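Novice: Following this message is one structure expressed as structure tokens.
The values are calculated or read from the model by the stated rules, or taken from the named source; none is laboratory data. This is a predicted model, so every value here is computed, not measured. We place every Cβ from the backbone using ideal geometry, glycine too, and count neighbours over all the protein chains shown. Side chains are part of the model used for accessible areas, which takes the heavy atoms of the whole protein and leaves out ligands, DNA and RNA. Shrake-Rupley method; radii C 1.70, N 1.55, O 1.52, S 1.80 Å.
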Amino acid sequence: MITSNIQTNLLNKNWSSDPNSNKAVMFVFKQTKLHVYSNGNEIGYEDYYLTDKDSTFKDSDIGSVSSGNYIKTRRLTYIIEFYSDFKKFRIRAKNSSKWQDYYLLN
């Protein structure tokens with residue numbers, strides 16, 4: 001699993017929980033916002049940033065570049081790990097042990 005320098009592999013790409021459909025749960029990472037879709041409709045977005053450590057959310061870090069594999073939002077901290085081909089990653093909330101795979105659609 002690859003856990004560093006992942007930001008360029010995330011940005012402006014469609015990541016789906018179903019490798020063959022954009023109608024499943026889908027993430028789109030922009031520079032400062034994480035957009036979430038379901039059934040092809042945006043259901044929400046929130047500010048985020050990548051970091052190399054778990055810490056308190058800081059507004060000043062939104063959009064910053066980090067080599068870490070923690071995704072910080074106002075509500076949760078996620079841990080993300082890329083597979084070596086960069087066409088799939090797995091993600092879980094920090095306080096969960098359940099991983100979910102997401103697949104590159106574009």
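Novice: Output the residue which, of all residues in region 1-31 that are of a type in the set (Ser, Thr, Tyr), in a loop (DSSP other than H, G, I, E, B) and open to solvent by 50 Å² or more (accessible area, probe 1.4 Å), is nearest to ARG90 (Cα to Cα).
Specialist: THR3
Novice: Pairs, please: C-beta under 8 Å, at least 6 apart or cross-chain, first residue on the phi > 0 side of the Ramachandran plot and in region 60-86, second part of a strand (DSSP E or B)?
Specialist: GLY63/TYR49; PHE86/ILE2; PHE86/LEU104
Novice: Output yes when any residue across region 15-26 is aromatic (Phe, Trp, Tyr) and over 13 Å from TYR103 (Cα atoms), and no when none is.
Specialist: So far as region 15-26 goes, no, none of its residues is aromatic (Phe, Trp, Tyr) and over 13 Å from TYR103 (Cα atoms).
Novice: Another question about this same structure. Inspect region 36-50 for any residue being more than 11 Å from the chain's Cα centre (by Cα), modelled with pLDDT under 95 and either of a type in the set (Val, Ile, Thr) or closer than 17 Å to ALA93 by Cβ (or both) and give the result as yes or no.
Specialist: No; the residues of region 36-50 include none that is more than 11 Å from the chain's Cα centre (by Cα), modelled with pLDDT under 95 and either of a type in the set (Val, Ile, Thr) or closer than 17 Å to ALA93 by Cβ (or both).
Novice: Also, I was wondering about something else. Looking only at region 57-92, filter to residues that are within 19 Å of TYR37 (Cβ to Cβ) and of a type outside the set (Lys, Arg); which one of those is surrounded by the fewest Cβ atoms within 10 Å (Cβ to Cβ)?
Specialist: LEU76
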